[in-house]
Amino acid sequence: MSTKLQNLTPERRKYSHLLHSFLFSSLYFPLSVFLRSPTFTIWIAFTISSDQTMASEPVNVSEFEALAKKALPKMYFDFYAGGAEDEYTLKDNEEAYQRITIRPRVLVDVSRIDTSTSILGYPISSPIMVAPSALHQLANPEGELATARASAASNTIMILSFSSSYNVEEVAASCDAVRFFQLYVYRGRHIAANLVERAERSGYKAIVLTVDCPRLGRREADIRNRMIVPKLKNVEGFVSNDVDAGGGSNLEAYANSTFDPTLSWKDVAWLKSITSLPILLKGILTHEDALKAVEVGAAGVIVSNHGARQLDYSPATITVVEEVVRAVKGKIPVIVDGGVRRGTDVFKALALGAQAVLVSINLPGF
């Protein structure tokens, strides 16, 4: 039975007017800017030859994804688009949005629509931010530099991935904009400490700690393709990615040899002790963990199942947003990622209590 959005709380009521601008759109504002910006050649553009071009310009995210599949090497497309194991959660992240219906109200003056909002006090043009996703240069030579410029042009916040193709300093120098930095914690804690200090020095405004990755999820497409992880610029000089994959995914072998499986709630205090930046926790799916996040002093939570790339058969993110929102009781912002493909998805997330959504330009993300 589908969920119906009705009787919005007063603080969410102002978003009801967004329905008219979002309805049946494909994240047109501001995602269309990312896809069309002169500063950002979408992943596929530089590899599609003239005889491969579509008869008409793509008009939604799914059509761009279809072009990307034609243009990118299979190993890279599968890396960007794949999920864990049976990919049940990967499919459900999108289908769960489709099960939610909307009861539109009519005869409302929508001549003046304001989609702007703010996250941690930083104003953005709409409640759509750029999620952390790895290795943009696999798809575009300019990689995260292009993503950063497009984010700035769209007046939104980009969360730079720990596993980016360009390092924190290079992305910070690419343009003037508000950016957050996403952090994994390796077994050598000095690496995380170094990166946090560099991010703070480079003007990043928050740290986004990924908390759902004690080991890398079993991504079978990467195993079949024998995915090889390129050098990660942020950890050059600290860690080598030359690890024995045993005939499988070099990415999986590298991640499982470097990620710290002992990471726990007490380490949020450690992280807070080495930075003055606010810390958001990415990977929250239950009210219990949302409450813990508030208790340990997180500045915000991101409802995320890692783009369905970690634990298959975990819940679709949109299905647990209300649970998390109720748990934090407005004390900290709640952001959600996973499965967002259209403006109506953004509207549904906002109506259920999220302050913003994260979208990955290269699909689920790492």
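The values are calculated or read from the model by the stated rules, or taken from the named source; none is laboratory data. These figures come from a predicted structure and were not determined experimentally. Here Cβ is always computed from backbone atoms with ideal geometry, including for glycine, and neighbour counts include all displayed protein chains. Please note that ligands, DNA and RNA were not included when accessible areas were found on the heavy atoms of the full protein model with its side chains. Shrake-Rupley method; radii C 1.70, N 1.55, O 1.52, S 1.80 Å.
Residues being of a type in the set (S, T, N, Q), in contact with a strand residue (DSSP E or B) (Cβ under 7 Å, 6 or more places away or on another chain) and modelled with pLDDT of 95 or more: count how many of those fall in region 258-305. So the answer is 2. For region 101-113, does any single residue satisfy the condition of being crowded, with 18+ Cβ neighbours inside 10 Å and within 29 Å of R179 (Cα to Cα)? Checked against the condition, which is being crowded, with 18+ Cβ neighbours inside 10 Å and within 29 Å of R179 (Cα to Cα), region 101-113 yields no hits at all. Do we find a residue being over 21 Å from S126 (Cα atoms) and touching a strand residue (DSSP E or B) at 6+ places or on another chain (Cβ under 9 Å) anywhere in region 341-358? Among the residues of region 341-358, not one is over 21 Å from S126 (Cα atoms) and touching a strand residue (DSSP E or B) at 6+ places or on another chain (Cβ under 9 Å), which makes the answer no.
Where in region 260-366 are the strands (runs of 3 or more DSSP E), entirely inside, with at least 1 residues that are crowded, with 20+ Cβ neighbours inside 10 Å and touching a Gly at 6+ places or on another chain (Cβ under 6 Å)?
The strands (runs of 3 or more DSSP E) meeting that bar are 279-284.
Please report, ordered by residue number, the helices (runs of 4 or more DSSP H) entirely within region 1-116 with at least 1 residues that are over 24 Å from A356 (Cα atoms), among the aromatic types (F, W, Y) and modelled with pLDDT of 85 or more. Once the helices (runs of 4 or more DSSP H) in region 1-116 are filtered for at least 1 residues that are over 24 Å from A356 (Cα atoms), among the aromatic types (F, W, Y) and modelled with pLDDT of 85 or more, what remains is 74-81, 88-98. Just to be sure before I move on: is A255 at pLDDT below 95, assigned to a helix (DSSP H, G or I) and open to solvent by less than 10 Å² (accessible area, probe 1.4 Å) in the structure I sent? Judged against the criteria, A255 is a match. Just give me the residues in region 89-125 being in contact with a helix residue (DSSP H, G or I) (Cβ under 8 Å, 6 or more places away or on another chain) and within 24 Å of L281 (Cβ to Cβ), in sequence order. Within region 89-125, T89, L90, D92, N93, A96, Y97 qualify.
So, restricting to strands (runs of 3 or more DSSP E) that lie completely within region 128-247, which ones have at least 1 residues that are open to solvent by 10 Å² or more (accessible area, probe 1.4 Å)? Break it down into steps so the answer makes sense when it comes.
On the way: elements: 128-130, 158-160, 179-183, 207-210.
Fully inside region 128-247 and qualifying: 179-183.
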